[in-house]
Amino acid sequence: MTKTLADRSVLDPVLDRGWAMTDGRDAITKTFTFSDFTEAFAWMTRAALFAEKMDHHPEWFNVYKTVTVTLSTHDAGGLSQLDVKLADKLDGI
Ligand SMILES: C[C@H](O)[C@H](O)[C@H]1CNC2=NC(N)=NC(=O)C2=N1
């Protein structure tokens, strides 16, 4: 069972990079905008392979060149260190 974040200050750098707390739940959301659909989907492909490798998966919604990502740890019922790690990775792709 994954633990939720006790020290919420680890979220500060993530929130400074454009992630925001999700309305109504313990999760973070960010919208990524690309130049076109191909770029958006290529990014999603790389993100998906990383997510699968870490066994931690995003909720996401793609419309043309935007991808809205929500991160939360279902096993924990809220944000965990895994979400911080995945947010770091997604921002770095
Ligand atoms: C059994 C498997 O490890 C779990 O279901 C993993 C898979 N991916 C996951 N992804 C996310 N975002 N939260 C989880 O709790 C989670 N759990």
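The values are calculated or read from the model by the stated rules, or taken from the named source; none is laboratory data. Please read all numbers here as calculations on a predicted model, not as lab measurements. With ideal geometry, Cβ positions are generated from the backbone for all residues, glycine too; neighbour counts draw on all protein chains shown. We work out accessible area using only protein heavy atoms, side chains counted, and drop any ligands, DNA or RNA first. Shrake-Rupley method; radii C 1.70, N 1.55, O 1.52, S 1.80 Å.
Collect the residues in the range 80-93 that are over 14 Å from Lys53 (Cβ atoms) and within 10 Å of the ligand (Cβ to nearest atom), keeping them in residue-number order.
Ser80, Asp83
Got a sec? Which helices (runs of 4 or more DSSP H) wholly within the chain have at least 2 residues that are open to solvent by less than 40 Å² (accessible area, probe 1.4 Å)? Even if it seems obvious, please write down each step before you answer.
On the way: elements: 12-16, 37-54, 81-92.
Hits in the chain: 37-54, 81-92.
Taking only the range 59-79 into account, find how many residues are within 12 Å of the ligand (Cβ to nearest atom), free of Cβ contacts under 8 Å to residues at least 40 places away in the same chain and touching a Ser or Thr at 6+ places or on another chain (Cβ under 7 Å). It would help to see each step written out before you state the result.
Filtering the range 59-79 down to residues within 12 Å of the ligand (Cβ to nearest atom) leaves 59-60, 69-79.
Okay, now just the ones that are also free of Cβ contacts under 8 Å to residues at least 40 places away in the same chain, so 59-60, 74.
Adding the requirement that they be touching a Ser or Thr at 6+ places or on another chain (Cβ under 7 Å) leaves 59-60.
Residues that pass the stated criteria total 2.
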